[in-house]
Amino acid sequence: MSEKIVPRPDFEAALSALAAKEKAAQATLESLAAERRNLPMVKIDKPYTFHGPNNTTPSLDDLFRGKDQLIVYHFMFPPNAERGCSGCAFVGEHIPDTRHLESRNTAMAVISRAPFDKIAAWKEKLGWKFPWYSSDGSDFTYDFGGASKEGGDQANLTVFYRKDGEIYQTYSIFPRGVLNFLGTYQLLDFTPLGRQDGPDGPAGFKLNYEYEEGA
């Protein structure tokens, strides 16, 4: 950060110059969003089944919960782990009340490879309310980039669209891009000290119950 101290007129001039650049950057982001919406789609012909509460086995279609759009976050939580990835947990802390998305004809679900019982126990400990399912025994996480059979799990966000009874994939974004919807980072980016990340990046933040426990 700069520790240069200047008179207010000089500060206001520097702030104004930066605001012009921010306005141009925002226009670029809005243009990218428009391009994203106009990407071609690919039809999903393969059936997928998940594990959910009360021994349910919802299909991909069920995850839409009657909406036309579905956002899926691939949460890194391999079957042999006792808890999910800390970095993904920081992402989980930023998932909004999904009713806001549903009011815009969009459902959201989180998917992990861990058995559902493990997912449910950790979700309860963290106090999360969003839908979270297990893809254990399914190719879903592998097919959409949430894991590779050689390299383990990978954070990823995939978007689906449903029309006339068919499901299509419209978008995917991988780890660095997922950081774009983390409000904590967006707020810290306004400050002179910035994100202050260590080598663990978003995994360096505590889980919500660790703050309460003083860990």
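List of remarks:
- Using only Cα coordinates, the Kirkwood hydrodynamic radius of region 21-60 works out to 13.8 Å.
- Within the accessible area of region 149-201 (1.4 Å probe), percent carbon and sulfur: 54 percent
- Residue 1 accessible area, assembled protein chains, probe 1.4 Å, Å²: 130 Å²
- FRET efficiency for the residue 187 to residue 102 pair, using the beta carbon distance and R₀ = 41 Å, is estimated at 0.95.
- Antiparallel bridge percentage (DSSP; both residues within region 1-159; nearest 5): 45 percent
- Computed over the chain, the P(r) curve from all C-alpha pair distances, binned at 5 Å from the origin, holds 1, 6, 12, 16, 18, 15, 11, 8, 5, 4, 2, 1, 0, 0 percent per bin.
- For the options 141, 158, 56, a Gaussian network treatment of the chain with springs between C-alpha atoms closer than 10 Å singles out 56 as fluctuating the most.
- For region 158-184 and region 55-75, distance of Cα centres in Å: 12 Å
- Tilt relative to the chain, helix 8-37 - C-alpha long axis, 0 to 90 degrees, to 10: 20 degrees
- Unit charges on C-beta of K, R, D, E only; dipole of region 167-215, Debye: 260 debye
- Rounded to the nearest 20 debye, the dipole size of region 1-137 about its Cα centre is 60 debye, using +1 on the Cβ of Lys and Arg and -1 on the Cβ of Asp and Glu.
- More than 19 Å apart - percent of Cα-Cα pairs taken over region 163-215: 50 percent
- Area of residue 94 that stays accessible when all protein chains are in place (1.4 Å probe, Å², to 10): 40 Å²
- Lys pairs under 23 Å by Cα in the chain, provided they are eight or more residues apart or on distinct chains: 14
- Stretched out straight at 0.36 nm per residue, the stretch from residue 59 to residue 125 would grow longer than its current Cα-Cα span by 21.1 nm.
- Vicinal HN-Hα couplings computed from phi for region 180-192 (Karplus, 6.51 cos²θ - 1.76 cosθ + 1.60; Hz; Gly/Pro x): 5, 9, 8, x, 4, 5, 4, 5, 4, 5, 7, 9, x
- Take the Cβ atoms of residue 25 and residue 209, set R0 to 41 Å, and the FRET efficiency comes out at 0.65.
- Percentage, to the nearest whole number, of Cα pairs in region 81-126 over 13 Å apart: 62 percent
- Solvent-accessible surface of region 9-88, averaged per residue with a 1.4 angstrom probe and all protein chains in place: 65 square angstrom.
- Computed about its Cα centre, the charge dipole of region 63-109 is approximately 120 debye, with only Lys, Arg, Asp and Glu carrying charge at their Cβ.
- The chain: angle of helix 116-126 to the longest principal axis, Cα-based, in degrees nearest 10: 30 degrees
- Candidates 23, 43, 163, ranked by Gaussian network fluctuation over the chain, Cα under 10 Å, top entry: 23
The values are calculated or read from the model by the stated rules, or taken from the named source; none is laboratory data. This is a predicted model, so every value here is computed, not measured. In this analysis, Cβ positions are derived from the backbone assuming ideal geometry, glycine residues included, and neighbour counts consider all displayed protein chains. The protein model used for the area step is the full one, side chains on, heavy atoms only, and it has no ligands, DNA or RNA in it. Shrake-Rupley method; radii C 1.70, N 1.55, O 1.52, S 1.80 Å.
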